[in-house]
Amino acid sequence: MKSLDKPRAGSYDLHCHSLASDGAWTPRQVVDTAYERGVRVLALTDHDTLDGLPEASSAASQYPDLEFVPGTELSCLWNGRVIHVVGLGFDVDYSGWPDYLQMLADLRIKRAKRIAGKLRHTGIEDLFERAKKLTAGDGVIGRPHFAKVLVESKVVSTEQEAFERFLGRGRLGDVKAEWPEIEVAVKQIKAAGGIAVLAHPTKYHFSFSKLRKLAEDFIAFGGQGIEVSFPGVSPNHQRDLLLLAERCGLVISAGSDFHSPEQHWTGLGRYPGFDRKTLTHVLDQLFGNGNNEI
Ligand code: AMP
Ligand code: MN
Ligand code: MN
Ligand code: MN
């Protein structure tokens, strides 16, 4: 066990992205930068892929005091709404991963072609091919790649604007994929020996009672954790999430959801600090520490 005696906000980051999905940096750049910023426990959690993990793990092994945790962020559905579940600390060699991830990759390609069709009126030629190219060849394709092409083609001036006008919730390019049900995603992570964590719960814009219903279903399927801190979470929402964790018996987690240095509101190891009170931290479960303090 490495120096995990007193993890504090910033000293660990259990949610971030690389070029393997919609992040801007290679897994190695993510690891090196996180380390420079003082992160000592890091999970790379690319969307629906494990492809960045070997490079990240190898980069992390250069730092004797950095603990690397294999991670992923799985897309799934709960009552027809898209939910993200972070998996942490699983066996990357679990035999059930290749088929599961191939199924998600196929869904993403199918959806990307439909997005390109829906956005044909923007007049961009080869929209699908250009978005695919931005995934560094074989990365997981997502809406952010379309946002980048829209910026490059000067249809919009920022990726944010691309989401507001074309890709965000309810917009033309917000094409629903037939993601697996949340039960399937949670069971997949559990079968691989990992811990399933409900990602950024306030981003679904649910009422507290609906969020509680989601948390109860999540637990019934084997989910164990909930993110209580991530960029943009308000102090009130954070209090609600800590309360939800306490009431439902979920362990808590936190991370930057870092994608790119252009996102000035976040950075590796950056998210609001919080008082964990007597709650169990996911790091306690991953590393067996009884007395972590944040
Ligand atoms: P996808 O997985 O293809 O559905 O794309 C979801 C990703 O798009 C998220 O993980 C974010 O990285 C990004 N995203 C979602 N909403 C926005 C937004 N309003 N502005 C910028 N990026 C967003
Ligand atoms: Mn993303
Ligand atoms: Mn997410
Ligand atoms: Mn994320």
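Throughout, read-outs are computed from the coordinates displayed, never taken from laboratory work. Since we're looking at a predicted model, the values are computed, not measured. Methodologically, a virtual Cβ is constructed for each residue, glycine included, from the backbone with ideal geometry; neighbour enumeration extends over all protein chains shown.
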Kirkwood hydrodynamic radius, computed over distinct alpha-carbon pairs, for the chain: how many Å, to one decimal? 19.3
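Show me the three semi-axes of the equivalent ellipsoid for segment 87-146, from the C-alpha gyration tensor (sqrt of 5 times each eigenvalue), largest first, rounded to whole Å.
Working from the Cα gyration tensor, I get semi-axes of 28, 11, 9 Å.
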Pull up all non-local amide H partners of Phe258: gap of 5 or more, or a different chain, and H-to-H distance under 5 Å with H placed in the peptide plane. His17
Using the crude model of +1 on Lys and Arg Cβ and -1 on Asp and Glu Cβ, and no other charge, please compute the dipole size for the chain relative to its Cα centre, in debye to 20. 980
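Computed over the Cα atoms of segment 152-262, what is the convex hull's projected area averaged over all directions, in nm²?
Reported value for the Cα convex hull: 8.8 nm².
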Once phi for every residue in segment 50-67 is put through the Karplus expression 6.51 cos²θ - 1.76 cosθ + 1.60 (θ = phi - 60°), the whole-Hz ³J(HN,Hα) values, with Gly and Pro written as x, are 10, 4, x, 5, x, 5, 5, 5, 5, 5, 5, 5, 6, 10, x, 9, 10, 9
Taking the Cβ of each residue in His264, His84 as the centre, tally the other Cβ atoms inside 10 Å and list the residues starting with the fewest. His264, His84
Viscosity 0.890 mPa s, temperature 25 °C: what is the translational diffusion coefficient of segment 233-294 from Stokes-Einstein with a Kirkwood Rh over Cα pairs, rounded to a whole number of µm²/s? 189
Calculate one ³J(HN,Hα) per residue across segment 112-118 by plugging θ = phi - 60° into the Karplus curve 6.51 cos²θ - 1.76 cosθ + 1.60, and present them in order as whole Hz with x for glycine and proline. 4, 5, 5, 4, 4, x, 5
Alpha-carbon spread of segment 54-199, three principal axes, descending order, Å: 48, 39, 23
Flagged links, alpha-carbon separation over 22 Å, of Lys148/Lys176; Lys133/Lys187; Lys113/Lys210; Lys190/Lys277; Lys132/Lys190: Lys133/Lys187; Lys113/Lys210; Lys190/Lys277; Lys132/Lys190
Hey, what does the equivalent ellipsoid look like for segment 199-274, semi-axes from the Cα gyration tensor as sqrt of 5 times each eigenvalue, largest first, whole Å? 23, 12, 11
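If you place +1 on the Cβ of every Lys and Arg and -1 on the Cβ of every Asp and Glu, how big does the dipole about the Cα centre of segment 202-294 come out, in debye to the nearest 20? Can you show the working numbers first?
On the way: 9 positive and 10 negative charges, 51 e Å.
The calculation lands at about 240 debye.
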Please find, in a Gaussian network model of the chain (springs between Cα atoms separated by less than 10 Å), the residue of Thr45, Thr135, Thr72 whose mean-square fluctuation is greatest. Thr135
Computed ³J(HN,Hα) along segment 239-248: with the Karplus parameters 6.51/-1.76/1.60, θ = phi - 60°, integer Hz and x for glycine or proline, the list is 4, 4, 5, 5, 5, 4, 4, 5, 5, 9
Can you give me the long-range amide H partners of Thr280? Hydrogens built in the peptide plane at 1.01 Å from N, cutoff under 5 Å, separation of 5 or more residues or another chain. Ile252
May I ask which residue of His259, Gly249, Ser229 lies farthest towards the positive end of the charge dipole of segment 228-284, with charges of +1 (Lys, Arg) and -1 (Asp, Glu) on Cβ and the Cα centre as origin? Gly249
Quick one: which residues, 5 or more positions from Val140 or on another chain, have an amide H under 5 Å from its amide H? H modelled 1.01 Å from N in the peptide plane, none for Pro or chain starts. Ser21
Positive end of the dipole of the chain, charges at C-beta (+1 Lys, Arg; -1 Asp, Glu), about the Cα centre: which of Gly87, Ala177, Thr122 has its Cα farthest in that direction? Thr122
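Show me the ranking of peptides 87-95, 182-190 by mean Cβ neighbours inside 10 Å, starting with the highest.
In decreasing order of mean packing, 87-95, 182-190 become 182-190, 87-95.
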Compute, for segment 108-179, the length of the dipole vector about the Cα centre, with Cβ point charges of +1 (Lys, Arg) and -1 (Asp, Glu) only. Units Debye, rounded to 20. 300
Name the GluC sites (Glu not before Pro) in segment 83-164 that are in a loop by DSSP and that have at most 14 other C-beta atoms within 10 Å, would you? Glu125
